[in-house]
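**Q** Before anything else, here's the structure in question.
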Amino acid sequence: MSRPSHSTKNKITLWWSRWLARRLPPSQTVTLAHKSIFILPTGFGLLWIGLCLLLFLLGTNYQNNLVIGLSFLLISLFNTCIIYSYKNLAGLTMSSIPPPQAYAGETLVFPIALSSRHVQYEVLLSYPNNQTNVINTIEKEPKTSLVSYKNQHRGRISPARIKVESRYPLGLCRTWSHIDLDNQMIVFAHPIESHSELSSLESDDITNPSDRGSHVPGVDEFKGLRQHIFGESLRQVAWKQLAQGRGMLSKEFQQPQGQPIWLTLDNLTAKDIEERISKLTWSVDRLSERGQIFGLAIGQHKITPSQGEQHRVHCLQTLALIPSRRTD
């Protein structure tokens, strides 16, 4: 018998994916039930059935009621395992948790919260071709499992369906399901250290370009509170905090130094678009660590200069979502 061709396998895989999408649509919270649980005998289970059949034939051939009774006992045990295998996954609730930030080339981690009204044992979680997590017990209190997913690409990454599996209690039956928790994430580009000169859209009088956008003590922006130093002006004292019993504190202000830095793809000399994006990713992280104000210009799209974690993530996500074939 010839093996099925590659195109036939693709057709079967496509049909299976579409069927699963209709039966188990993506959702961030899923509770397993009869509609989403599949059961088949394992290799050990098939061997068990064959043993039962052999004992039955031997018992009937030699008219030995004890052997026939033993075959019925073993087959009833198999049927009981089917019920317990189903019950071990039925009622399992899985919820996706926002994954942590990651860069291309790193192993992604998708946190999944697991809970069940009754105790469940030996549940396996895994994405295709990735490490399998074994959860020994799942109870009413939610338990978080960190499921790994190997990834080499930047951009919007979806790990697709996660396989939930159990062979409890005796390994005779395999119960499983393929759940789509709709937990896609944006993976940042792999950072490459860059010493290319950073630019400013407007000239200024700052000698060192790396100092542009950094903050110096000033009067423009409120920076925070610090311990009051004896001899400082009383105009800087935070009287409201003093009235609240928080002690003698002084208000601290700052102002940006020079024009903010603009990061653009045009300023980097590398011809490969992926390398240029990686170098910009490194620059975004570097400037954010230093607390400098910077903006990002990708073609006609511009992110106005700012600072902080939210601005950093916005810039990195914009870089990560640049189409791979883009050449500007």
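**Q** Can you run phi through the Karplus equation (6.51, -1.76, 1.60; θ = phi - 60°) for segment 53-67 and list ³J(HN,Hα) in whole Hz, with x for Gly and Pro?
**A** The phi angles translate into 5, 5, 5, 5, 5, 5, x, 6, 5, 9, 6, 10, 5, 5, 5 Hz.
**Q** With θ taken as phi - 60° and the coefficients 6.51, -1.76 and 1.60, list the Karplus ³J(HN,Hα) couplings across segment 289-297 in order, rounded to whole Hz; mark glycine and proline as x.
**A** After applying 6.51 cos²θ - 1.76 cosθ + 1.60, I find 4, 7, x, 8, 8, 8, x, 10, 10 Hz.
**Q** Separate question: Which cross-chain or sequence-distant (5 or more) residues have an amide H under 5 Å from the amide H of Leu92, H modelled 1.01 Å from N in plane?
**A** The answer is Leu32.
**Q** Here's a follow-up. Residue by residue through segment 121-127, what is 3J(HN,Hα) from phi via Karplus (6.51 cos²θ - 1.76 cosθ + 1.60, θ = phi - 60°)? Round to whole Hz and write x for glycine and proline.
**A** For segment 121-127, the Karplus-derived couplings read 10, 6, 9, 10, 10, 6, 8 Hz, x marking Gly and Pro.
**Q** Are there any chymotrypsin sites (Phe, Trp or Tyr not before Pro) in segment 1-85 that are in a DSSP loop and have at most 12 other Cβ atoms within 10 Å? List them by number.
**A** Tyr62
Readers should treat all values here as calculations from the given coordinates under stated rules, not as data from a laboratory. Just so we're clear, the structure is a prediction, and the values are computed from it rather than from any experiment. Please note: Cβ atoms are built from the backbone with ideal geometry, for glycine as well, and neighbour counts cover all protein chains shown.
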